[in-house]
1. Rounded to whole Å, give me the distance from the Cα center of the range 242-267 to that of the range 306-320.
2. Per 5 Å bin from zero, what fraction in whole % of the C-alpha pairs of the range 129-242 is there, up to the bin with the longest pair?
3. Could you tell me which of VAL204, TRP221, LEU161 has its Cα farthest along the dipole of the range 152-245 towards the positive end, charges placed at Cβ (Lys, Arg +1; Asp, Glu -1), taken about the Cα centre?
4. For the range 74-130 and the range 203-234, compute the distance between their C-alpha centroids and round to whole Å.
5. So what is the diffusion coefficient of the range 174-288 in µm² per second by Stokes-Einstein at 37 °C and 0.692 mPa s, using a Kirkwood Rh over Cα pairs?
6. What FRET efficiency would be calculated for the residue pair ASP130, TYR265, taking the C-beta separation as r and a Förster radius of 45 Å, to the nearest 0.05?
7. What is the dipole size for the range 136-234, taken about its Cα centre, with +1 at each Lys and Arg Cβ and -1 at each Asp and Glu Cβ, in debye to the nearest 20?
8. List, in order, the whole-Hz ³J(HN,Hα) value for each residue of the range 205-221 obtained from phi through the Karplus relation with A = 6.51, B = -1.76, C = 1.60 and θ = phi - 60°; use x for Gly and Pro.
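The values are calculated or read from the model by the stated rules, or taken from the named source; none is laboratory data. Just so we're clear, the structure is a prediction, and the values are computed from it rather than from any experiment. Heads up, the Cβs are rebuilt from the backbone with ideal geometry, glycines too, and the neighbour counts pull from every protein chain shown. Ligands, DNA and RNA are stripped out before the accessible areas are found, and what is left, the full protein with its side chains, is counted by its heavy atoms. Shrake-Rupley method; radii C 1.70, N 1.55, O 1.52, S 1.80 Å.
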Amino acid sequence: MRHDPRMARRRRRRGEGSVFFSHSERRWIARVSLGVRDGHRIRHRISALTQDEAKQSLEKLQRIYGRGGRPSRSTLDEYLADWLEWHGPSVRPRTLTSYRGHVERHISPLLGGIRVLRLAPADVRRLIADRLAAGLSPSTVGRIITTLRIGLNAGIAEGMLADNPARLVRLPRVEREPVLAMTVRDARAILAAVRGDRFEALYVLLLGSGLRLGEALSLDWRDVDLDRATVRVRHGKTARSIRTVPLPGFAAVALRVQQRRARRYGPDEPVFLGPRRSERLRGDSVLHHWKILRAAHGLRPMRLHDLRHAHATLLLAAGVPMRLIADQLGHASPAITANIYAHVASEHLRAAIATLDAIPEDRESAIGSASG
């Protein structure tokens, strides 16, 4: 029988790849051949439970090799550990600490063993559901997924990944909690509750300045001018976050006491040190302590971030213009400030309008005089 060339098996081009079922492994295999090196054929393969999954894996491999990259063979755990190591020098230490906490406490325990090339949107949705069920707030879960997105985006840029499954998943909806107007009486109750506490100076600073927690914890002593009663924020979320913030007298006094008690004092030393001598105080330690302190002293339910809102609403009550409050808080624009505190400003406006009723001694006679 003559050989029919049409029946010959077509030779696949380098990088084209194939999908087949392995009876010995009882799994579908996506495989890409990368040519011969030192007499050995180099292949990259990914196994999958279904043919469709294998086809998707093959497409990922083809996209990576088509861009001249080399696909990662790591688990998500291994990949993110490497990412944190080489990405660390490009971000601030506090940002790196936040990324590391998200990975070690939330992402790795559930998804760490999955091969990063096989990570799917369904896995990310499972992570979101798990963290919400554990009691984390939607905003916290959103920050965890954002960390995962940033890490996987870096892999695409480096030619190790074909896509970012975390980018395809909708983040949990965050309902903005209404800001409650804080009264002078409330502020005095807070100051009384934190008196003598190991974090007293920090809590007093947050209430008296409106700083974000991260901004306060990033302060070094060279950023503090006690003679002028100001602190300088050098690290912020936006360009307008870089600012000099005036302090009320009670906050300046608290920082002066903090300075006298400092274990180490110098222009480059952190204002707020953690338990270890060389360690800057961590935000999660403060947040945990605040919950305990608040409950012990019977303070109204409030987050630590509400001390920032308390500062802003007290300024509003004092008649400070919204533009100046935006400068104090470091908002990107006064429109953001107005949006956050619109209902508080409306309450103050209604109260001011109500005082107009006391202007005429006799409302009816005043109206009659006007009509005459």
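1. Spelled out, the Cα-based centre of one part sits 21 Å from the other.
2. 2, 9, 12, 12, 14, 16, 14, 9, 6, 4, 2, 0
3. Of VAL204, TRP221, LEU161, it is VAL204.
4. 32 Å
5. 219 µm²/s
6. 0.50
7. 220 debye
8. For the range 205-221, the Karplus-derived couplings read 4, 4, 5, x, 10, x, 5, 6, 4, x, 5, 5, 6, 8, 5, 9, 5 Hz, x marking Gly and Pro.
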